[in-house]
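Have a look at the structure below before the remarks.
The values are calculated or read from the model by the stated rules, or taken from the named source; none is laboratory data. Just so it is clear, the model here is predicted, and its values are computed rather than measured. So basically every Cβ, Gly included, is an ideal-geometry build from the backbone, and we count neighbours across all protein chains shown.
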Amino acid sequence: MRDTVDVPDHEALFVVASNQAGCFTAAQAAAQRFSSALLSHHVRSRRFVRLSQGLYRFQDYPVRPGDEIVAAWLRQAPDAVVSHESALQVLDLGDVITDRVHLTVPRSRRRLVSQDGVVIHTTTHHLGPGDVVTRRGMRVTAPARTIADVAAAGVAPDHVTAAALAAIARGMTTPSLLREAAAIRGQRVGRLIAAALSGVV
């Protein structure tokens with residue numbers, strides 16, 4: 001009987017990539033027994049596309065809006081989270097337009113991957129279970145944290161208000177969670193969130 005221990009598992013890799021906009025890292029491929037040489041072979045044969053160092057995509061996987069966010073997050077994962085305006089986009093909260101991907105990592109992180117078109121924010125605020133949700137296989141700041149983050153970053157107050165009201169209306173957060181998230185960011189953010197919530201019971 002043929003030994004299948006070292007045979008690459010194409011199906012398992014596709015399952016991984018399907019949860020990540022068709023993308024996967026070299027490490028994820030190695031876990032399914034794809035060597036560097038085999039990855040290069042599939043790039044040459046156009047089964048895979050090499051997006052950047054250590055990051056690949058299935059050639060025929062359907063393209064969707066926001067795929068660039070997934071690809072950027074994968075390069076900084078696992079401790080990175082999609083945040084700020086990019087989190088608003090992923091969560092479908094408002095219509096803030098940005099041509100850059102925003103990610104947040106712990107300030108204690110020693111090594112960051114340089115990426116064009118990506119803004120890396122650092123934080124000393126612990127990202128607890130309530131601060132992070134999963135969307136399209138990515139770790140994304142939860143609605144309350146996202147709204148407080150963009151308020152602190154200087155996004156226009158009308159966008160902050162629209163995002164807050166949309167998140168509450170859709171049951172994604174509550175006024176109390178928004179106030180708690182704002183409280184640790186200072187008085188200015190607290191006032192912005194209070195103004196956004198004026199009239200909300």
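Filtered by the rule that a residue be farther than 20 Å from GLY137 by Cα and not in a helix (DSSP H, G or I), region 21-49 gives ARG33, PHE34, SER35, SER45, ARG46, ARG47.
Checking GLY117, GLY171, GLY137 one by one, the residue that is at positive phi and either at pLDDT 95 or above or of a type in the set (Phe, Trp, Tyr) (or both) is GLY171 and no other.
Can you tell me which residue within region 175-198, out of those that are surrounded by 19 or more Cβ atoms within 10 Å (Cβ to Cβ) and small (Gly, Ala, Ser), is nearest to ASP131 (Cα to Cα)? Out of the qualifying residues, it is ALA181.
For the subset of region 1-20 comprising residues that are of a type in the set (Val, Ile, Thr) and assigned to a helix (DSSP H, G or I), which member is surrounded by the most Cβ atoms within 10 Å (Cβ to Cβ)?
Only one residue fits best here, namely VAL16.
Here is a yes/no grid of residues against (1) in contact with a strand residue (DSSP E or B) (Cβ under 9 Å, 6 or more places away or on another chain); (2) part of a loop (DSSP other than H, G, I, E, B):
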site: TYR61; (1), (2): yes, yes
site: PRO78; (1), (2): yes, yes
site: VAL90; (1), (2): yes, no
site: THR104; (1), (2): yes, no
site: HIS125; (1), (2): no, yes
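Let's see how each residue does on (1) assigned by TED's automatic domain parsing to the domain that holds ALA153; (2) under 25 Å from ASP131 (Cβ atoms); (3) under 13 Å from the mean Cα position of the chain (by Cα):
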residue: PHE14; (1), (2), (3): no, no, no
residue: ALA21; (1), (2), (3): no, yes, yes
residue: PHE24; (1), (2), (3): no, no, no
residue: GLN32; (1), (2), (3): no, no, no
residue: SER52; (1), (2), (3): no, no, no
residue: ASP79; (1), (2), (3): yes, yes, yes
residue: HIS84; (1), (2), (3): yes, yes, yes
residue: LEU91; (1), (2), (3): yes, yes, yes
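Being over 26 Å from ALA17 (Cα atoms), in contact with a helix residue (DSSP H, G or I) (Cβ under 7 Å, 6 or more places away or on another chain) and hydrophobic (A, V, I, L, M, F, W, C) is the filter here; which residues of region 82-138 pass it? Correct list: VAL96 only. When the residues of region 69-99 are filtered to those that are under 14 Å from GLY117 (Cα atoms) and among the charged types (D, E, K, R), the one that is surrounded by the fewest Cβ atoms within 10 Å (Cβ to Cβ) is ASP99. Scanning region 106-118 for residues that are within 14 Å of LEU74 (Cα to Cα) and in a strand (DSSP E or B) returns a single hit, VAL118.
Checked against (1) in contact with a strand residue (DSSP E or B) (Cβ under 7 Å, 6 or more places away or on another chain); (2) closer than 19 Å to ALA153 by Cα; (3) surrounded by fewer than 21 Cβ atoms within 10 Å (Cβ to Cβ), GLY54 meets all criteria but (2).
Scanning region 100-116 for residues that are closer than 23 Å to ARG145 by Cα and surrounded by 10 or more Cβ atoms within 10 Å (Cβ to Cβ) yields ARG100, VAL101, HIS102, LEU103, THR104, VAL105, PRO106, ARG107, ARG109, LEU112.
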